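The values are calculated or read from the model by the stated rules, or taken from the named source; none is laboratory data. Bear in mind that the values here come from a model prediction, so they are computed numbers and not experimental data. Don't worry about glycine lacking a Cβ; one is built from the backbone with ideal geometry, like all the others, and counts go over all protein chains shown.
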Amino acid sequence: MAKPGKKYRLLIYEYMLNRWWPMTLLLAVFIFLNIGILWGAEWYFTNPAENPLPTVSAEGGAVMLAVGIISLIFSIFLLATRKMAYVRLYDDCLHLVTPFLRMNISYKRIERSTTGQIFSLFPPKSLSSWRRDLIGPISGRTAVVIHLRAYPLPRFALRMFLSPFFFADKTPHLVLILDDWMGFSTELESRRSATNYPVSKVQPGQRGTFGLLDDLNRK
């Protein structure tokens, strides 16, 4: 690939993982404290009859310890990867990286880009309660919608590895919730123009109409 541009962080993963890693870390701490207290009581009370706490078998203690270690490792993984999801523009493609997928999207596949506020792309009434709670803190942000001629991978495969907030309807597109949507839009237009695949220009502060299916049918 040619000279890379700036990395634009995908905020949806940061917000999702910020909700999960404290819970898994709390689970690990709870397990370690619990098993530590139980084993400490067994060591302190040499006479089992004097121990007011339940005893833990060697097998049970090993299982609890293993679960605690797995929870701790998973927490560290989530904490380390929460800011690692990003998109990056090259001279010939858009490079998308998430914790579970790396994918190149050729500029030939991109029809155009528009923008829209998250709450209009994903109306709260259409979301389940947990998705509504997840997207709530960033619902006022602006997202970039990449309209595609076709997906680089089958849609069902993309839905397995990408957040559901990449997809607002069934037309070929990707919703990108970025830390700098204006910088990304400007760079995307510049790079596509250089390869003779210009996109419709999105002015700073301008919000594109999102009717993806309607827009594509106008072709």
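Determine which member of the set Val67, Val63 is over 17 Å from the mean Cα position of the chain (by Cα), part of a helix (DSSP H, G or I), more than 30 Å from Ala143 (Cβ to Cβ) and in contact (Cβ under 8 Å) with a residue 24 or more places away in the chain. Show your work before the answer.
Values: Val63 fails: in contact (Cβ under 8 Å) with a residue 24 or more places away in the chain.
Every option except Val67 fails the conditions.
If I filter the stretch 10-20 for residues that are closer than 30 Å to Ile135 by Cα, surrounded by 14 or more Cβ atoms within 10 Å (Cβ to Cβ) and touching a strand residue (DSSP E or B) at 6+ places or on another chain (Cβ under 8 Å), do I get at least one hit?
yes
Please find, within the stretch 136-156, the residue that is surrounded by the most Cβ atoms within 10 Å (Cβ to Cβ) out of those that are within 16 Å of the chain's Cα centre (by Cα) and free of Cβ contacts under 8 Å to residues at least 60 places away in the same chain.
Selected residue: Ala143.
Please work out which residue is farthest from Phe100 (Cα to Cα), limiting yourself to the stretch 157-173 and to residues that are within 13 Å of the chain's Cα centre (by Cα) and not in a helix (DSSP H, G or I).
Phe167
Does Trp43 satisfy the condition of being modelled with pLDDT of 80 or more and loosely packed, with under 13 Cβ neighbours inside 10 Å? Show your work before the answer.
Working: modelled with pLDDT of 80 or more: yes; loosely packed, with under 13 Cβ neighbours inside 10 Å: yes.
So Trp43 passes the test.
Please go through (1) within 30 Å of Arg149 (Cα to Cα); (2) out of contact with any helix residue (DSSP H, G or I) (no Cβ under 6 Å at 6 or more places or on another chain); (3) of a type outside the set (Gly, Ala, Ser); (4) not in a loop (DSSP other than H, G, I, E, B) for Tyr8 and return the number of the only condition it doesn't satisfy.
Just one mismatch for Tyr8, condition (2).
Quick check: anything in the stretch 93-107 exposed (fewer than 13 other Cβ atoms within 10 Å of the Cβ) and either without any contact (Cβ under 8 Å) to a residue 40 or more places away in the chain or closer than 30 Å to Gly136 by Cα (or both)? Walk me through it before giving the result.
Pass one, the stretch 93-107, residues exposed (fewer than 13 other Cβ atoms within 10 Å of the Cβ): 100, 102.
From what is left, the residues that are either without any contact (Cβ under 8 Å) to a residue 40 or more places away in the chain or closer than 30 Å to Gly136 by Cα (or both) are 100, 102.
Yes; the residues of the stretch 93-107 include at least one that is exposed (fewer than 13 other Cβ atoms within 10 Å of the Cβ) and either without any contact (Cβ under 8 Å) to a residue 40 or more places away in the chain or closer than 30 Å to Gly136 by Cα (or both).
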